[in-house]
Amino acid sequence: MAFKIAITAGHYINSPGRRCDKRYDKNETREWWLNNRVVERVIEGLKEYDGYEIIRCDDPTGKTDYTLKERTDTANNFGADIYISVHHNAGGGSGIVVYVYPGVGEETLKLQKTVYDSLIATTGNKGNRVSPLAKADFHEVRETKMPAVLCECGFMDHPVDTPLILTDKYASQLAQGFVNAIVKVGGLKKKPTPKPGKPGKYTVQVGEFSTLAEANAVANLLKSAAVITVE
């Protein structure tokens, strides 16, 4: 039976105030854009594995603001085994924080720690948070019927975090961390590497060319892709 993953990029393009601090990013990059590019890379990275199904619970274009209820309803109706909400933070501090709902069971706590440890392993962005394994009464981790985490992947108003989270490299590191965690929790296996095909065998007939030199020249061009004999 396939391991079912629900994932969502927090907010949408026009969410009020959800953007990088102008002091550290003159473009005031919107949070949804940061969240979305991580989600897209997670989905792409999982294509190397078998044994799962995945659904996005937000609008992949970012143009429609799906409510939190719509997101959790989508995950619940899908019958997801885990739920991951990708965000970037603001409001003081630095580093990655992974939230769950207070009073959750061991399965959710295991998901929380696996995701956090995997993100730190790929990014190194521990920051200065006292409680990076946090608990909060957020809708997405409260109303989901499966183990759920809300991940704040760095602070958009911190002088160190902001330049970091804007980089393409950091987005890829985050995505790899999420993929590693999902693979571990879901027990996913990599797709087998396709075996290279056997090279074809061609015979170059000397009589088809004006000279032996021409025949050998054609044979040499083909040697990189096939086994050639000259007769």
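Does GLY62 satisfy being open to solvent by less than 70 Å² (accessible area, probe 1.4 Å) and free of Cβ contacts under 8 Å to residues at least 12 places away in the same chain? When the stated conditions are applied, GLY62 does not pass them.
Counting just the residues of region 1-41 that are in contact with a helix residue (DSSP H, G or I) (Cβ under 8 Å, 6 or more places away or on another chain) and assigned to a strand (DSSP E or B), which one comes out most open to solvent (accessible area, probe 1.4 Å)? The selected residue is ARG19. So which residues in region 42-59 are open to solvent by 70 Å² or more (accessible area, probe 1.4 Å) and either without any contact (Cβ under 8 Å) to a residue 24 or more places away in the chain or over 15 Å from ASP81 (Cβ atoms) (or both)? Once the filter is applied, which keeps residues that are open to solvent by 70 Å² or more (accessible area, probe 1.4 Å) and either without any contact (Cβ under 8 Å) to a residue 24 or more places away in the chain or over 15 Å from ASP81 (Cβ atoms) (or both), region 42-59 yields GLU44, LYS47, GLU48, ASP50.
Evaluate the following for TYR99: is it surrounded by 15 or more Cβ atoms within 10 Å (Cβ to Cβ), of a type in the set (Ser, Thr, Tyr) and not in a loop (DSSP other than H, G, I, E, B)? Full working, then the answer.
Values: surrounded by 15 or more Cβ atoms within 10 Å (Cβ to Cβ): yes; of a type in the set (Ser, Thr, Tyr): yes; not in a loop (DSSP other than H, G, I, E, B): yes.
Here the answer is yes, as TYR99 does meet what is asked.
Among residues of region 179-207 that are open to solvent by 100 Å² or more (accessible area, probe 1.4 Å), those with a Cβ under 7 angstrom from a residue that is assigned to a helix (DSSP H, G or I) and modelled with pLDDT of 95 or more, sequence gap 6+ or separate chain, pair up as LYS184/THR114; LYS190/GLU48.
Of the residues that make up region 86-107, is at least one touching a residue at least 24 places away in the same chain (Cβ under 8 Å) and acidic (Asp, Glu)? Looking through region 86-107, at least one residue is touching a residue at least 24 places away in the same chain (Cβ under 8 Å) and acidic (Asp, Glu). Under the condition of being surrounded by fewer than 24 Cβ atoms within 10 Å (Cβ to Cβ) and touching a Ser or Thr at 6+ places or on another chain (Cβ under 9 Å), the residues counted in region 83-96 number 0.
Listed by first and then second residue, the pairs with beta-carbon distance under 6 Å, at least 6 apart or on different chains, first residue in region 133-144 and free of Cβ contacts under 8 Å to residues at least 40 places away in the same chain, second surrounded by fewer than 17 Cβ atoms within 10 Å (Cβ to Cβ), are LYS135/PRO102.
On inspection, LEU174 fails the criterion of being within 20 Å of the chain's Cα centre (by Cα), in contact (Cβ under 8 Å) with a residue 12 or more places away in the chain and open to solvent by 50 Å² or more (accessible area, probe 1.4 Å).
Pick out the one residue from VAL227, VAL183, VAL130, VAL149 that is at pLDDT below 95, in contact with a strand residue (DSSP E or B) (Cβ under 9 Å, 6 or more places away or on another chain) and either closer than 16 Å to GLY93 by Cβ or not in a loop (DSSP other than H, G, I, E, B) (or both). Even if it seems obvious, please write down each step before you answer.
Numbers: VAL183 fails: at pLDDT below 95; VAL130 fails: in contact with a strand residue (DSSP E or B) (Cβ under 9 Å, 6 or more places away or on another chain); VAL149 fails: at pLDDT below 95.
When all the criteria are applied, what remains is VAL227.
The values are calculated or read from the model by the stated rules, or taken from the named source; none is laboratory data. The model shown is predicted, which means the values in this text are computed figures rather than measured ones. Note: ideal-geometry Cβ built from the backbone for every residue, glycine included; neighbour counts use all protein chains shown. The accessibility values were calculated without ligands, DNA or RNA, using every heavy atom of the protein model including side chains. Shrake-Rupley method; radii C 1.70, N 1.55, O 1.52, S 1.80 Å.
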